[in-house]
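Just below is one structure, and these are the notes that go with it.
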Amino acid sequence: MTKRLALQAAAAGIAWSCTAAWALAADADGPGTHAFGRLERAKIVETTPIDLPARLDAGTDQTNLFATDIKYFNGEGGMWVVFTVSNGEAVPGREVTLKEPLLRDQRVKERTGGVAHRPVVKLNFCIGSTAFQTDVNILERTAFTPPLVLSRADVSRLGSVDAQKQYLAGDPDCKPPAPK
């Protein structure tokens, strides 16, 4: 079975677990080619970088970053969002405050019938030696481990994932991105 078919099956909701689909996708590349585990160390590569654990999740549609103190404000060129990111259990107590231009405000229906607003920003990440930029939903949550959950689209950009293993890529080691 090819990697593409395994991913399509997982996306279509066929009665496979995401773990099984990713294991098949990884095996389709051949033995010994697993580059990433289901959990990896990631780095947000911004003005103030921070390392944090990330879950590579083929079952989620959007990349999410759990943060606190989320606030919107008018800044240079339009709306911005400021938020605080904690790296969870990686280095207890380490957190940074980031300010990023708002790409859009995503509205999500709540179970109570209300509507929640989630800011979406573009962030630069590094996992292993792979650097990439992606749109990220910022969600207000505390003590959620891991604080970063990468979407199906971002996971597919990384390459093979062995859902049975963790931390295969090593520490984040990417060149800094060009200034914004």
Note to self: If a residue must be touching a residue at least 60 places away in the same chain (Cβ under 8 Å), in a strand (DSSP E or B) and crowded, with 19+ Cβ neighbours inside 10 Å, how many such residues does segment 40-52 contain?
What the structure shows: 6
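Given the criteria buried (at least 16 other Cβ atoms within 10 Å of the Cβ) and either among the hydrophobic types (A, V, I, L, M, F, W, C) or under 26 Å from Asp162 (Cβ atoms) (or both), does Ile127 qualify? Spell out the reasoning first.
Numbers: buried (at least 16 other Cβ atoms within 10 Å of the Cβ): yes; either among the hydrophobic types (A, V, I, L, M, F, W, C) or under 26 Å from Asp162 (Cβ atoms) (or both): yes.
In short, yes.
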Next item on the list: Run Phe36 past the list (1) of a type in the set (Phe, Trp, Tyr); (2) over 18 Å from Arg157 (Cα atoms); (3) at pLDDT 85 or above and report the number of the one that doesn't hold.
Entry: (2)
Notebook entry, point to check: So which of Arg107, Arg118, Arg111 ends up being farther than 26 Å from Ala169 by Cα, assigned to a loop (DSSP other than H, G, I, E, B) and of a type outside the set (A, V, I, L, M, F, W, C)?
Noted result: Arg111
Item checked: Filter result for Lys165 (modelled with pLDDT under 90, in contact with a Phe, Trp or Tyr (Cβ under 9 Å, 6 or more places away or on another chain), of a type in the set (D, E, K, R) and surrounded by 12 or more Cβ atoms within 10 Å (Cβ to Cβ)) -> yes
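The values are calculated or read from the model by the stated rules, or taken from the named source; none is laboratory data. In this text, all values refer to a predicted model and were calculated from it rather than measured experimentally. As a convention, Cβ positions derive from the backbone with ideal geometry for all residues, glycine included, and neighbour counts pool all protein chains shown.
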